[in-house]
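Asks: First the structure, then my questions, so here it is.
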Amino acid sequence: MRLAYTMTDGKRALDPLLHGAARRAITAGLRVAGVVQVNHDRPGGERCDMDAIVLPDGPTVRISQSLGPAARGCRLDPEALETAVAAAEAALARGADLLIVNKFGKHEAAGRGFRPVIARALEAGTDVLVGVNPMNRAALDAFTDGAAEAVPPEDAALDAWIAAHRSDRRRVDASV
């Protein structure tokens, strides 16, 4: 079991980065559970819609709510987030080599959201890769007791970290 996180500097850069990593891991034959986020621009310049795609193959859950063009508060729909969490947990229970969580965010920092799923994956020996922003990095460090490895936000670095799983598994399988 390995635990890693990645952070990006650019706004909206983390979601496509993790989505690409998940697709490549699935194509490479890994059993992947978790969620990646896809954002869709809204007409009229209103803030984007956010969808969580449950890995490996759906469903897609709209996790944002439209609060109107003047709204300034958090647009995350907590009930929809919990629907995505439950679906990801069910996928993890079917067996996974890798759990990807698009964001260790405010809900996870507060002990909710995907935090229990991450803990279950680690308990099961499943590798975990999460996205995090600087605002929630300290909460991730506290949750993982500083055990999470930083992976640069680059396709090659993420692919190398994920590929190391296959090498680790081959060594374990050979020794059994």
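Asks: Counting only residues that are touching a helix residue (DSSP H, G or I) at 6+ places or on another chain (Cβ under 8 Å) and closer than 10 Å to residue 113 by Cα, how many does segment 79-99 have?
Replies: Looking only at that region, the number is 2.
Asks: State yes or no: is residue 108 loosely packed, with under 15 Cβ neighbours inside 10 Å and farther than 9 Å from residue 33 by Cβ?
Replies: Answer is no for this residue.
Asks: Further, regarding this structure: Just one of the numbered conditions (1) more than 27 Å from residue 29 (Cα to Cα); (2) in a loop (DSSP other than H, G, I, E, B) is not true of residue 107; which one?
Replies: Condition (2) is where residue 107 drops out.
Asks: Only one of 62, 42, 2 is surrounded by 15 or more Cβ atoms within 10 Å (Cβ to Cβ), at pLDDT below 95 and more than 19 Å from residue 151 (Cα to Cα). Can you tell me which?
Replies: Testing whether each residue is surrounded by 15 or more Cβ atoms within 10 Å (Cβ to Cβ), at pLDDT below 95 and more than 19 Å from residue 151 (Cα to Cα) leaves just 62.
Asks: Here's something else I'd like to know. Can you pull out the residues in segment 65-88 that are at pLDDT 95 or above and of a type in the set (S, T, N, Q)?
Replies: Within segment 65-88, just 83 meets the criteria.
Asks: To continue, here is another question. What number of residues within segment 134-159 satisfy the criterion of being closer than 23 Å to residue 75 by Cβ and surrounded by 15 or more Cβ atoms within 10 Å (Cβ to Cβ)?
Replies: The qualifying residues number 4.
Asks: Ok, one more. Being of a type outside the set (Val, Ile, Thr), part of a loop (DSSP other than H, G, I, E, B) and within 17 Å of residue 99 (Cα to Cα): is that true of residue 125 here?
Replies: yes
The values are calculated or read from the model by the stated rules, or taken from the named source; none is laboratory data. The structure displayed is predicted, hence computed values, not measured ones. Note: ideal-geometry Cβ built from the backbone for every residue, glycine included; neighbour counts use all protein chains shown.
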